[in-house]
Amino acid sequence: MMTMITLMRGSVMKIHGLSSASRCLAAEGGVRGLSSSSGPRVCIVGGGPAGFYTAQQLLKARQDAAVDIYERLPVPFGLVRFGVAPDHPEVKNVINTFTQTAQHERCSFHGNVNVGKDVTIDELRQAYHAVVLSYGAEGNRSMGIPGEDLPGVFSAKDFVGWYNGLPSNKELHPDLSFETAVILGQGNVALDVARILLAPVEMLKETDITQNALEALAGSKVRRVLIVGRRGPLQIACTIKELREMVNLPNTRADMLPADFEGIAEALKDLPRPRKRLTELMMKAVKEGGDDKAEKCWGLRFFRSPVEVLAGADEKRAAGIRLALNKLEGSGESVRAEVTGQLEDVDCGLIISSIGYKSIPIDPAVPFDPRRAIVPNEMGRVQDTAGLYCSGWVKRGPTGVIATTMNDSFDTARVLIQDMEAGKLDLSVNKPGAQAITALLQTRGVRMVLFSQWEKINAEEEKRGKSLGKAREKLLDVDEMLKIAWS
Amino acid sequence: MSACALRVFLQRAAVTRKAAHQTFSQTRAFPQCVTGSYTHSRGINTLTNSLRAEEKVTVHFLNRDGKRISVKALTGESLLDIVVNNDLDIDGFGACEGTLACSTCHLIFEEAVYKKLGRISDEEMDMLDLAYGLTDTSRLGCQVCLRKDLDGMILHVPDVISDARVDSEKESSTAPPKV
C-alpha cells in the first residue's frame, strides 16, 4: 500500500483540486502523516473563502508547508454560508473545494477560536512562520443619519445574517407587517434582500433559509420594495443576473420612474457590452412593467440619498424615510451625486441599509486604516509588519464576488511564497505551530472545533433539513453547535 | 503499474456538479453535451472511453504563464470537464463547478472557431459579462462542448484581475461587480 502511494504521489504532478491520495491520509491535528515537521508553518485567521483559497494555494505551491486555519465560529465558510442567498445554492459549490482543502493532510481547521480575544496576533506570530489575516468584514457602514437606530431599521448585513442563520442575528425579529420596505443601496446584496422579501414562499421553502425566517416571510405583509441609489441608472452597482431575477420574479411587477431614465436610451450605444445589457434590461422593465395584476411590486429609485429616518406618531419606530434628491455632476467614471435641496418622504415600515460591509480591527498589534477600513498593505504584505499578510475583504475592502476574493487570495499566497523563497521569512527557525497554540488555548479554557467535528454539525443540519423538506436546517445557537461538535 | 490502472485508482473525487446545498430545481442552461446532474465519477468512464480512439480530439490551452498544454479529449465533454479530468494547472478554474454561477472558466477562442460554436444563452452571457478581460470571442468553458470540427483549436486562458493592476479607488465599467 505504501509503495503504491509513493508511486502515486510522484505521478500526481499538478494538483487541480487535491489528490485523493493525500485526502486518504488526512489527519486531524494529530499525526501529520508524510509531511516534514520542519517545513514552513502558516496560520490563517478566518475560515471564509479568503482563508480557504489562501490555504489552497499555499499547500499547492509548497509541498512542505503546513497550514492552520482559525475561525471564530464553530462552523467554517464565512459568507458562503452566511451571505450567499438561500436561493443561490450553486454559488455555494465552492464549499466542496474548501472541504477538500480542510481535509488535506497538511491543513487543519480550528473552529471556536476568537483571534484577538482567545489568542493574540503576536502569540500566533511567535508560533508560526507567517500569519495571514483573512477575517473579512463583520461590521457595516452606517448611513450616519438621524433616526437610524429606530426599530424597523436594519443593516443588510444583519438582515441577510438573519435569514441565513448567523447566530448573532437570530434574535433580529424584523417586523414584516408593513406594506412598503425601502432598501438603501443598489448592489447585489440589496437585490438579494429585495428578492427574498418578495419571492413566493414556494421558491424558498426547500432552500437552506432558516425556518424562522421562512415562517416570518410566509406571514409577511410586505408588498412593495423600493431599492434606492444616490446616483443614476448607469451607475447601478448590481449585476445583470440579479436584476434579471427581479424582472422574472413570479407575481411581481416593476414600478420604475421613467423620469429617472431620461437620456439613458441615447447613452446606450457607447456603453461596453456588460453595462449596455444591464441598462437595456432596466429599460425593458421600465417599459413593460410586468403583470399589472401582480400584487407585489419592486422598483428602483435613482438620484436619492437618505437624510433622515422618520418616526411614527408614537415616536417609537420608523414610519418613513426622508430622501434628498440629487443631480449628477461630472461624467464617465467620476460621476458624482450632488444635492439639489429637494426632499421627498416615503412612507415605509421596514428600512434596510445596504451600503456596504466594513472591516474592524481585531488586535491592537495590527495596523489598521480607519478611513478605508482595511489593514494597510502592499500586495498583501501588511505594512511595517514582517511575517504578517492579509487576503480578501480585510485587504482590499468589502467588494467583489467569491471569484474576486479567490484571485486576491491566490495573489497573497504567491507573495508569501515569494517571501519564503527570497529568505524574507526565516524558515530555518523551527516553529511549533498548532501544537503551541492548542496548548495555550487549553490553559485559557478554550476548546477548538476540528473539521471532523464540524462535519457532525453538518450532518445534523442536513438531517434536520431533510425532515422539513429543506436542503438543511442551520443550527442557530453556538452552544448547540458546540454540544453536537463535541458529542 | 500500468497507466490505465493508475488512472482508475487515481479516480479523482467526483467533482459534484450538483449544488453543494441542492435546493429546488431552477432550470439552468446546461450545454447539450451535459444531461441532468452529473455526479458520476469520471474515472471509469474516461477509462472505457479512452479505448475508442476515433472520438478523440486534441485541444490546446495557452495558459497564463505562456505555456501551451495540449490535451486529447472526447467529443461531448465540456471544456471545464477537460480541465478538471486532466488536472490541468489553471488556477481557480471552474469555481462553481459548471453551474453558471461564476466566470472563472472564461476562455478566449480564435475568431474562426468562435463563430462555429453553439448559441450563447442569456444566462451564460450574464455571467460572462463579469469576466475580467472579456473579448468578442470569449465564452465560458463549462458551456462549450467538444466536437470533431473543433479539433486542434487553441484556447487562450485569460489573465485574471490581480492586485498589482487594480486601483480599487478607481474602477472601470468593465471591472468585476461590486458584490
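The values are calculated or read from the model by the stated rules, or taken from the named source; none is laboratory data. These figures come from a predicted structure and were not determined experimentally. Using ideal geometry, Cβ is built from the backbone for each residue, glycine included, and neighbour counts are taken over all protein chains shown.
The table that follows gives values for the structure above.
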{"quantity": "Segment B:148-167, subset modelled with pLDDT under 95 and surrounded by 14 or more Cβ atoms within 10 Å (Cβ to Cβ), residue farthest from B:E97 (Cα to Cα)", "calculated": "B:V166"}
{"quantity": "Residue within segment B:113-125 that is within 12 Å of chain A (Cβ to nearest Cβ), surrounded by 16 or more Cβ atoms within 10 Å (Cβ to Cβ), part of a helix (DSSP H, G or I) and under 14 Å from the mean Cα position of the chain (by Cα) present", "calculated": "yes"}
{"quantity": "Some residue of segment A:334-356 being more than 25 Å from A:G147 (Cβ to Cβ), in contact with a strand residue (DSSP E or B) (Cβ under 8 Å, 6 or more places away or on another chain) and modelled with pLDDT of 95 or more", "calculated": "no"}
{"quantity": "Conditions (1) within 14 Å of chain B (Cβ to nearest Cβ); (2) within 15 Å of the chain's Cα centre (by Cα); (3) over 30 Å from A:R244 (Cβ atoms): number failed by A:S134", "calculated": "(1)"}
{"quantity": "Members of segment A:215-236 that are touching a Lys or Arg at 6+ places or on another chain (Cβ under 6 Å) and either assigned to a helix (DSSP H, G or I) or surrounded by fewer than 19 Cβ atoms within 10 Å (Cβ to Cβ) (or both)", "calculated": "A:R223"}
{"quantity": "Enumeration of residues in segment A:184-208 that are over 29 Å from A:A337 (Cα atoms), touching a residue at least 12 places away in the same chain (Cβ under 8 Å) and facing chain B (nearest Cβ under 9 Å)", "calculated": "A:M203, A:L204, A:K205, A:E206, A:T207, A:D208"}
{"quantity": "A:R414 within 13 Å of chain B (Cβ to nearest Cβ), surrounded by fewer than 23 Cβ atoms within 10 Å (Cβ to Cβ) and either within 20 Å of the chain's Cα centre (by Cα) or part of a loop (DSSP other than H, G, I, E, B) (or both)", "calculated": "no"}
{"quantity": "Number of the exception - A:I402 against (1) closer than 30 Å to A:L198 by Cβ; (2) more than 12 Å from chain B (Cβ to nearest Cβ); (3) under 23 Å from the mean Cα position of the chain (by Cα); (4) not aromatic (F, W, Y)", "calculated": "(2)"}
{"quantity": "Residue list for segment A:243-269, restricted to those being in a helix (DSSP H, G or I) and farther than 19 Å from A:R231 by Cα", "calculated": "A:R244, A:E245, A:M246, A:V247, A:K269"}
{"quantity": "Residue within segment A:375-391 that is surrounded by fewer than 18 Cβ atoms within 10 Å (Cβ to Cβ), of a type in the set (S, T, N, Q), free of Cβ contacts under 8 Å to residues at least 60 places away in the same chain and assigned to a helix (DSSP H, G or I) present", "calculated": "no"}
{"quantity": "Candidate set from segment B:91-108 (those that are more than 7 Å from chain A (Cβ to nearest Cβ) and crowded, with 23+ Cβ neighbours inside 10 Å); member that is nearest to A:A61 (Cα to Cα)", "calculated": "B:G94"}
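Quick grid of which residues meet (1) out of contact with any Lys or Arg (no Cβ under 7 Å at 6 or more places or on another chain); (2) part of a loop (DSSP other than H, G, I, E, B):
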| residue | (1), (2) |
| --- | --- |
| B:H60 | no, no |
| B:G66 | yes, yes |
| B:S70 | yes, no |
| B:G76 | yes, yes |
| B:D81 | yes, no |
| B:I90 | yes, yes |
| B:G98 | no, yes |
| B:A101 | yes, yes |
| B:L107 | no, no |
